[in-house]
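**Q** Questions regarding the structure given below will be posed in turn.
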Amino acid sequence: MKKIDDKKTYKKRLKKYQLRLLRLQQILFQENIGVIFVMEGMDAAGKGGAIKRVTERLDPRGFRVQPISAPAPHEKRYHYLQRFWRKLPKYGQITIFDRSWYGRVLVERIEKFATEEEWQRAYQEINQFEKMCTDDRYIIAKFWFQIDQEEQLKRFKERENNPLKNWKITDEDWRNREKWDQYQAAAEEMFAKTDVPSSPWFIIEGNDKRYARVRTLEIMVKYIEQYLNEKGIKIPKSDEA
């Protein structure tokens, strides 16, 4: 298991990438480039904690977190992607999707909220949707947070016993845990059909929260820097923490 044991090392590396992301946020604004980060994963795998660390040093005027839950009744009257189009960031801003359009091929597939024809068709629809964005002025990177079953059970029990966190554990979480193998199989098919160079998936090993947070930030920074370099956009050197 990949992990960061030393708290001092963790804080130093975290701050380093947070400040680099802040610097990149300013360049993205100046260059009018939007960024879309998709966060998916197993329940209690650490998405929320990672999002908190990604955003805590950013300029709040330039990013937004979009928590995605089940579609509202009026949203079901449209194509399922319609509600996501409305949540895309402006050029020059960053949006993090906490869950996303991939629900169509994950929970909607497994819970049969979508027909087999609908979720099978969705892979191509999603690829086309993302390509329209990346062909324009958007960067897309997708993150899957993975933990093992033992670690998930440990975190579920911690949440149940913590009055400040027990709101985060629901009966639905326990039901989803019983379908672990189905979710793993759906995720593997999702990676196979939607992991493309212009909008890749990154797997985050989440058993160690410190490692997962630092690794997420590191990938975000390096992916944006790679994009800017390919576009010939100069990135000023910054002092590392």
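**Q** Name the residues in region 177-202 that are touching a strand residue (DSSP E or B) at 6+ places or on another chain (Cβ under 6 Å) and touching a residue at least 60 places away in the same chain (Cβ under 8 Å), would you? Don't jump to the end; show me each part of the working.
**A** Keep residues of region 177-202 that are touching a strand residue (DSSP E or B) at 6+ places or on another chain (Cβ under 6 Å), which gives 191, 195, 199, 201-202.
Of everything in region 177-202, those that are touching a strand residue (DSSP E or B) at 6+ places or on another chain (Cβ under 6 Å) and touching a residue at least 60 places away in the same chain (Cβ under 8 Å) turn out to be Ser199, Phe202.
**Q** Also: Of the residues Tyr102, Tyr80, Tyr123, which is among the hydroxyl-bearing types (Ser, Thr, Tyr) and closer than 30 Å to Phe29 by Cβ? Break it down stepwise before answering.
**A** Values: Tyr80 fails: closer than 30 Å to Phe29 by Cβ; Tyr123 fails: closer than 30 Å to Phe29 by Cβ.
Within the list Tyr102, Tyr80, Tyr123, the selection yields Tyr102.
**Q** Taking helices (runs of 4 or more DSSP H) that do not extend beyond region 89-203, which have at least 3 residues that are open to solvent by 60 Å² or more (accessible area, probe 1.4 Å), farther than 26 Å from Lys76 by Cα and modelled with pLDDT under 95?
**A** Values: elements: 107-110, 116-135, 149-161, 171-178, 180-194.
The qualifying helices (runs of 4 or more DSSP H) are 149-161.
Conditions tested, residue by residue: (1) at pLDDT 95 or above; (2) among the charged types (D, E, K, R); (3) over 26 Å from Thr134 (Cα atoms).
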position	(1), (2), (3)
Lys8	yes, yes, yes
Arg13	yes, yes, yes
Lys16	yes, yes, yes
Ile33	yes, no, no
Glu40	yes, yes, no
Lys52	yes, yes, no
Asp59	yes, yes, no
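**Q** Across region 45-88, which residue is nearest to the chain's Cα centre (by Cα) among those that are among the hydroxyl-bearing types (Ser, Thr, Tyr) and surrounded by 13 or more Cβ atoms within 10 Å (Cβ to Cβ)?
**A** Of region 45-88, the ones among the hydroxyl-bearing types (Ser, Thr, Tyr) are 55, 69, 78, 80.
The next check asks that each one be surrounded by 13 or more Cβ atoms within 10 Å (Cβ to Cβ); those that pass are 55, 80.
Values: Thr55: 13, Tyr80: 19 Å.
Among those residues, the one meeting the criterion is Thr55.
**Q** Can Arg210 be described as modelled with pLDDT under 95, assigned to a helix (DSSP H, G or I) and open to solvent by 20 Å² or more (accessible area, probe 1.4 Å)?
**A** no
**Q** Right, Asp135: more than 17 Å from Glu40 (Cα to Cα) and over 17 Å from the mean Cα position of the chain (by Cα) or not?
**A** Working: more than 17 Å from Glu40 (Cα to Cα): yes; over 17 Å from the mean Cα position of the chain (by Cα): yes.
Spelling it out, Asp135 is indeed more than 17 Å from Glu40 (Cα to Cα) and over 17 Å from the mean Cα position of the chain (by Cα).
**Q** Say whether the condition of being closer than 30 Å to Arg175 by Cα and assigned to a strand (DSSP E or B) is met by at least one residue in region 66-84. Quick ask: steps written out before the conclusion?
**A** Of all residues in region 66-84, those closer than 30 Å to Arg175 by Cα come to 66-84.
Of the ones still in play, those that are also assigned to a strand (DSSP E or B) are 66-67.
Scanning region 66-84, I find at least one residue that is closer than 30 Å to Arg175 by Cα and assigned to a strand (DSSP E or B), so the answer is yes.
Residue-by-condition table, conditions (1) touching a Pro at 6+ places or on another chain (Cβ under 8 Å); (2) in a helix (DSSP H, G or I); (3) within 21 Å of Asp98 (Cα to Cα):
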| position | (1), (2), (3) |
| --- | --- |
| Lys11 | no, yes, no |
| Lys15 | no, yes, no |
| Val38 | no, no, yes |
| Arg57 | no, no, yes |
| Arg61 | no, yes, yes |
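The values are calculated or read from the model by the stated rules, or taken from the named source; none is laboratory data. In this text, all values refer to a predicted model and were calculated from it rather than measured experimentally. Don't worry about glycine lacking a Cβ; one is built from the backbone with ideal geometry, like all the others, and counts go over all protein chains shown. SASA here: full protein model, heavy atoms, side chains in, ligands and nucleic acids out. Shrake-Rupley method; radii C 1.70, N 1.55, O 1.52, S 1.80 Å.
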